[in-house]
Amino acid sequence: MKWCGGKTFLLPEILARLPTKINTYYEPFVGGGAVFFALAAEGRFKRAVTGDSNDELIETYWCIQNDLETVIRRLKAHAGKHSEEYYYKVRAQKGSYIAARFIYLNRTCFNGLHRVNKKGEFNVPFGKYTNPKICDEENLRAVSRALQGVELVSDDFETALASAKRGDASYHDPPYFPVSDTANFTSYTSGGFTLNDQTRLRDVAKKLDARGVHVLLSNSDTP
């Protein structure tokens, strides 16, 4: 999936700062999963716990992990009907098959942005792509293989990290602290990510470090 703030271009810097051998890898702000999938491809961890507070994102990963053929079939159906009118029809739907809807909207919305309003409703406008690749079957199968045996957690980051111990590693990529009054996008979920959450994350990182967990955290460079 496309993801605002995704780490694909920073992978060389991030991977160089994580251990080559990890017992359990934790990533509680998994988003588009660039770091997780890169580590999985290199075989760096024995097991993994990945999570996010975005329930629909984690359900999408769960369906790719456990019900891939249905995801592919429904995505192909979306691809066959794609238009601007159809996009807004799907965007307005509630209670439909979440994984295929989530991926379809991600692949066809403006800039691949994921943003929700205070009611938790996805509200990104239509992206005017010439020929978006809505069902990348080969990639979906690779993602499903990488997710086998992975524990997926749809919860607060503190809960997702509760069992981390020495020999494990964790990467934290939260919504960044705003660098200005106008740069305040944290709307990946309806509650946003507050200054209090940033402070809690700092404290959790210190506790993990004290337990012998290898901790890496990304954020904006602010005072």
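The values are calculated or read from the model by the stated rules, or taken from the named source; none is laboratory data. Predicted, not measured: the structure shown is a model, and the values here were computed from it. Neighbour counts run over all protein chains shown; Cβ positions are idealised from the backbone, glycine included. Accessible surface is based on the protein model in full, side chains and every heavy atom, while ligands, DNA and RNA are left aside. Shrake-Rupley method; radii C 1.70, N 1.55, O 1.52, S 1.80 Å.
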Q: Could you please find all residues in segment 122-149 being in a loop (DSSP other than H, G, I, E, B) and open to solvent by 60 Å² or more (accessible area, probe 1.4 Å)?
A: 128, 129, 130, 131, 133, 148, 149
Q: Can you tell me which residue within segment 1-54, out of those that are under 21 Å from residue 115 (Cα atoms) and open to solvent by 40 Å² or more (accessible area, probe 1.4 Å), is modelled with the highest pLDDT?
A: 8
Q. Touching a strand residue (DSSP E or B) at 6+ places or on another chain (Cβ under 9 Å) and open to solvent by less than 80 Å² (accessible area, probe 1.4 Å), is that true of residue 57?
A. no
**Q.** When residues of segment 150-175 are limited to those that are of a type in the set (Ser, Thr, Tyr) and under 14 Å from the mean Cα position of the chain (by Cα), the one most open to solvent (accessible area, probe 1.4 Å)
**A.** 154
Q: Filter segment 79-101 for residues that are open to solvent by less than 20 Å² (accessible area, probe 1.4 Å) and closer than 17 Å to residue 129 by Cβ and give the result.
A: 87, 90
